[in-house]
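**Q** I'd like to ask you about the structure that follows.
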């Protein structure tokens, strides 16, 4: 056999093996070998419950590059904070439902809160994240009482505590003294009764 037919055979075998590997990777989900599915898309939103005292929910809708919703995917949520510098702090994670929506409960401390949602990606869609300034109704915002206000509310209690403690101590001592006196008196009565019972002798016989 000449070299040229042999080379053609080798090229054909290589193409067949390569095609088989690509098909297998697509079927079993090898992300390194499967065709790039493109980045996913996250859309953030807010849902407010009509029932009082229930927290609002931050939602994230996950779709692939074609707009198809992705279910069963984990989405991480975080909010912007200023602790040792501005950064995002985690507030939870959730799994997308059949409509591609992941949601968590979140009590805001302001009417406008920056929320970040992140999806790590898989064989169906690439990783992505989205940041949005979400608007919350004023009636669901949790107002933190200032420190000086908390102190002002506690000042009357703190001022009255020494007198309350002194009164409790005095009442306790009176109770202990009263119990001791009653115990001593009961002991004396018992001793006197026992002595009286011991001094009574047998009745003399009549004659």
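Nothing in this text is a laboratory measurement; each read-out follows from the coordinates by a stated rule. Keep in mind that what you see is a predicted model, and the values were worked out from it rather than measured. Neighbour counts are summed over all protein chains in view; Cβ atoms, including those assigned to glycine, are modelled from backbone coordinates with ideal geometry.
**Q** Fewest to most neighbouring Cβ within 10 Å: what's the order for 110, 139?
**A** Values: 110 12, 139 7.
Ordered by Cβ neighbours within 10 Å, fewest first: 139, 110.
**Q** Between residue 179 and residue 87, what is the label-point separation in nm under the 7 Å Cα-to-beta-carbon projection?
**A** 5.6 nm
**Q** A further question follows. With r as the distance between the Cβ atoms of residue 54 and residue 109 and R0 = 22 Å, compute the FRET efficiency 1/(1 + (r/R0)^6) and round to 0.05.
**A** Details: r = 17 Å, r/R0 = 0.78.
After rounding, the FRET efficiency stands at 0.80.
**Q** Using the Kirkwood radius over Cα pairs, work out the Stokes-Einstein diffusion coefficient for region 41-140 at 37 °C and 0.692 mPa s, in µm²/s as a whole number.
**A** Working: Rh = 14.0 Å.
The Stokes-Einstein estimate is 235 µm²/s.
**Q** Here's something else I'd like to know. Enter the Cα centre distance for the pair region 34-92 and region 111-142, rounded to the nearest angstrom.
**A** If you average the Cα positions of each part, the centres end up 4 Å apart.
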